[in-house]
Amino acid sequence: MTPGPPPAAGGADAHWLRRTVELSRSCPPSATAFSVGCVVVAGDGTVLGEGYSRRDDPRDHAEEAALRGTDPGDPRLRGATLYSSLEPCSSRTSRPTACSALILTTPVPRVVFAWREPALFVDCDGAERLRAAGRTVVERPDLAQGVREVNAHLLG
């Protein structure tokens, strides 16, 4: 994949969040889980990993699929940004480790998401957990409309 813009507030973040929405459109449908896309981007704009919900397994979350595709020893993770269309989860029933906890096992210092997870399945506080652990968290609600559209089947 051709590198994109280096992660930064404004247009670059919007570029990468649009990519997460594009990825989320590939999710197999589910009546019990959100469709989410995720991209891990190095400081120079190189994609280190990307994924979407239910990509390889019906229990996959986007962040775990994207992180599974990265080399955990890659030094570029220390300056990377993880982009997710939806706030990284703080609890889940399908696997023992929530996405916010998975992110905290990496050195990724910055997380950007478009839509705060609605309390449809769980009461999520992933953004707060990441901030409390010293990560920079940026919410871009101005870009949440595309995420809501992909998940309209859940919102009734």
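One residue is enough: does segment 78-87 have a residue meeting the conditions modelled with pLDDT of 95 or more and farther than 24 Å from P141 by Cβ?
Scanning segment 78-87 turns up at least one residue that is modelled with pLDDT of 95 or more and farther than 24 Å from P141 by Cβ.
Looking at segment 107-118, I want the residues that are free of Cβ contacts under 8 Å to residues at least 60 places away in the same chain and have a partner that is part of a loop (DSSP other than H, G, I, E, B) and open to solvent by 30 Å² or more (accessible area, probe 1.4 Å) with Cβ atoms under 7 Å, at least 6 apart or on another chain. Which pairs are those?
These pairs meet every condition: P109/R135; V111/R135.
Looking at G49 and the list (1) touching a residue at least 24 places away in the same chain (Cβ under 8 Å); (2) surrounded by 14 or more Cβ atoms within 10 Å (Cβ to Cβ), which single condition is not satisfied?
Unmet for G49, out of (1) touching a residue at least 24 places away in the same chain (Cβ under 8 Å); (2) surrounded by 14 or more Cβ atoms within 10 Å (Cβ to Cβ): (1).
Taking into account only those residues within segment 3-41 that are in contact with a Phe, Trp or Tyr (Cβ under 8 Å, 6 or more places away or on another chain) and part of a helix (DSSP H, G or I), which is surrounded by the most Cβ atoms within 10 Å (Cβ to Cβ)?
T20
Among the candidates S84, S100, S90, single out the residue that is touching a helix residue (DSSP H, G or I) at 6+ places or on another chain (Cβ under 8 Å), part of a helix (DSSP H, G or I) and either under 17 Å from G11 (Cα atoms) or open to solvent by less than 60 Å² (accessible area, probe 1.4 Å) (or both). Walk me through how you get there before you give the answer.
Values: S84 fails: part of a helix (DSSP H, G or I); S90 fails: part of a helix (DSSP H, G or I).
Step by step, each of S84, S100, S90 is checked, and only S100 is touching a helix residue (DSSP H, G or I) at 6+ places or on another chain (Cβ under 8 Å), part of a helix (DSSP H, G or I) and either under 17 Å from G11 (Cα atoms) or open to solvent by less than 60 Å² (accessible area, probe 1.4 Å) (or both).
The values are calculated or read from the model by the stated rules, or taken from the named source; none is laboratory data. No experiment lies behind these values; they were computed from the predicted model shown. Note: ideal-geometry Cβ built from the backbone for every residue, glycine included; neighbour counts use all protein chains shown. Each accessible area value is taken on the protein alone, full model and side chains, heavy atoms only, with ligands, DNA and RNA left out. Shrake-Rupley method; radii C 1.70, N 1.55, O 1.52, S 1.80 Å.
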